Amino acid sequence: MSDSEHEHIYSDNDALLEDEETALEIAALESGSMQSEKVKEYINHKAALAALLEEISQKNLDWIQRCDIVSSAPIVVEKADNDLDRELSFYQQALEAAILGKQQVLKAGVPFERPNDYFAEMVKSDSHMARIRQKLLDQQKGIQNAEEAKKQRQLRKYGKKIQQEKIKEREDQKKAALEKISSIKKRLRSGDMGDADDFEIDIDSDGESGKKGKLGRDKAKGGRKLLPNKKRQNKNEKFGFGGKKRGMKNNTAESSADLSSFSAKRNKSSKFVAPSKRGKSQRPGKSKRQRAF
Amino acid sequence: MATLYKTAKSEFMDVDDLIEEKEKLTNIKHRVLMVASRGSTYRHRHLLNDLEALLPHSKKEAKIEAKKDMELLNELAEIHNCNNVFYFETRKHTDLYMWISRAPSGPSVKFQVQNLHTMDELKMTGNCLKGSRPILSFDANFDSEPHLQLLKEIFTQTFGVPKGARKSKPFFDHVFTFSVVDGRIWFRNFQIAEKDSTTGGDLAKDDKPTLIEIGPRFVLNPIRIFEGSFGGPTLYENPKFISPNVIRANILRQKAAKHAGRMNNATERENRSKENPLPVDPLKDVFE
């Protein structure tokens with residue numbers, strides 16, 4: 001009783017202090033619970049695991065019953081994401097096991113390889129293996145095709161250059177020939193007799209017998225090229241004589257833009273009617289005409 | 001047993017000794033029951049089929065729904081006379097968990113199966129006899145920790161084909177490798193090619209054989225080791241294991257955080273503009 005009273009008095013006296021203490025305690029508890037949330041304890045009963053291993057272990061069995069081989073060196077792969085490194089180390093581990101395993105198997109007096117004439121069902125069926133082979137072939141073919149395409153592309157690039165050069169050469173040749181012809185024409189027109197003789201020979205050597213005769217006649221009429229009369233010349237100009245005729249009467253950008261014949265005044269005048277809308281002059285019907293006579 | 005007794009009696013041998021000897025030979029009659037849970041996808045099913053093809057001492061059972069009542073699996077194993085169980089548990093049609101258990105008494109291990117590639121989808125050129133025995137290759141890392149040692153023992157007893165198992169063939173033409181990388185167990189399956197790949201003839205004696213991968217590939221991430229079969233006290237818990245659910249949730253949360261951040265910025269901006277209103281222009285009404 002006295003104890004409780006004492007406590008009561010104590011608490012009365014130092015109410016403030018106790019409040020502070022409880023607050024501290026709560027804080028401590030909270031921080032503790034926070035910590036336990038952060039650092040979860042993971043179970044790892046090593047002794048129990050070892051005991052269990054001892055219990056289930058079959059180490060006293062012959063090796064040939066167990067067929068397990070532990071690699072001489074632990075696998076160390078810096079990054080598990082590195083496929084090449086990882087698979088290589090797996091391969092090496094397996095290779096070591098295969099070599100050691102063969103020795104052990106032969107030591108135990110058990111055949112390792114199957115005899116050559118031993119045929120049995122395989123894990124992967126024939127159709128599965130055929131599919132795999134087909135896939136490999138397709139892959140190879142794909143690679144070959146890609147290489148060929150690459151080669152072709154390069155050839156085409158090179159070929160284009162050659163073609164362009166050829167075209168340029170041909171154009172140059174054509175240009176040179178045209179120049180030569182035009183110069184010949186000029187000289188012919190100039191009517192220089194002395195020179196004409198030379199050209200006659202030149203053109204003769206080109207080998208156009210028909211032209212030769214006409215030229216000969218022209219020369220006989222005073223060495224000048226015979227021109228048609230003025231009217232014919234104008235008509236030739238207008239309707240075309242020589243040169244291409246196709247599309248001559250078609251409108252061109254210039255002709256349609258040409259407004260020289262258009263008169264705004266006439267267009268606005270009340271008299272003006274578009275030719276397409278101009279009515280025909282009314283000819284009376286037959287009966288009317290007959291009645292008139 | 002009767003014949004045992006007869007032979008023992010006839011030769012005046014100690015019966016118990018004889019039985020013990022016989023048991024020692026037959027003790028390794030491991031049989032593995034393979035069960036998938038409901039809701040497993042085709043890839044999980046294909047992995048199961050691959051393992052069944054590779055392990056002749058296995059027995060496949062129909063899919064079961066045993067999410068709550070795992071004891072059922074022990075009974076199933078007893079019915080099929082199996083002492084090991086592979087239980088492939090699929091969650092949400094995406095995550096595959098693999099239980100390996102020694103059936104009646106334990107221990108059992110729960111793994112998450114990651115980076116799964118079945119034999120069918122891997123276009124690998126290796127092939128081996130159906131039912132030939134594998135050599136089990138373990139990484140030296142397995143001896144570093146007690147839980148890994150236990151896992152190694154469990155793997156040898158389940159993946160190792162016992163000598164003279166019913167459908168097995170007495171030859172060795174492939175290697176199962178188990179390696180510890182990144183705290184997880186990586187499984188690979190290689191064919192041992194003893195023939196010269198170009199000529200097809202036998203290899204010279206000193207030459208190393210070449211290995212060709214057969215498949216499947218998978219990675220086992222241990223989650224827990226239990227003392228009993230499909231239950232019992234936990235002996236080991238992987239501190240590195242993060243549940244795929246948590247990972248997915250975190251990804252979603254990150255995405256959500258982006259949106260929340262944008263909304264937060266917008267409200268902050270609004271508040272700021274309310275707190276700092278623009279000063280009133282004294283010349284605003286001059287021309288009106």
Sort B:143-154, B:127-138 by the packing proxy (mean of other Cβ within 10 Å over each peptide's residues), most packed first. B:127-138, B:143-154
Select from B:His117, B:Leu129, B:Met98 the residue farthest towards the positive end of the dipole of the stretch B:22-175; place +1 on Cβ of Lys and Arg, -1 on Cβ of Asp and Glu, and compute about the Cα centre. B:Leu129
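If the viscosity is 1.002 mPa s and the temperature 20 °C, what translational diffusion coefficient in µm²/s does Stokes-Einstein give for the stretch B:80-184 when Rh comes from Kirkwood over Cα pairs?
On the way: Rh = 15.7 Å.
For these conditions, the coefficient is 136 µm²/s.
Please figure out what share of the DSSP beta bridges in chain B is antiparallel and state it in percent, rounded to the nearest 5.
Working: 42 of 58 bridges.
That works out to approximately 70 percent antiparallel.
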By how many degrees, 0 to 90 and rounded to 10, does the Cα axis of helix B:244-275 deviate from the longest principal axis of chain B? 10
Highest mean first, how do B:225-236, A:72-83, B:172-183 rank when packing is the count of other Cβ atoms within 10 Å averaged over residues? B:172-183, B:225-236, A:72-83
Sorting check: for A:168-178, B:114-124, which peptide has the highest mean count of neighbouring beta carbons within 10 Å, and how do the rest follow? B:114-124, A:168-178
For the stretch B:88-107 and the stretch B:109-179, write down the distance between their C-alpha centroids in whole Å. 17
Dipole magnitude of chain B about its Cα centre, charges +1 at Lys/Arg Cβ and -1 at Asp/Glu Cβ only, in debye to the nearest 20? 820
Cα centroid separation - the stretch B:200-250 against the stretch A:43-95, whole Å: 10
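Calculate the mean, over all residues of peptide A:109-116, of how many other protein chain Cβ atoms lie within 10 angstrom of the residue's Cβ.
Mean shielding count: 4.
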Count, for each residue of A:76-88, the Cβ atoms from other chains sitting within 10 Å of its Cβ, then give me the mean as a whole number. 2
Ignore the peptide's own chain and count Cβ atoms of other chains within 10 Å of each Cβ in B:119-126; give me the average, rounded. 3
Using only the Cα atoms, what convex hull volume per residue in Å³ does chain B have? 283
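Here, each number is a calculation from the coordinates, and none is a lab measurement. The model shown is predicted, which means the values in this text are computed figures rather than measured ones. Glycine gets a Cβ as well: all are built from the backbone with ideal geometry, and neighbour counts include every protein chain shown.
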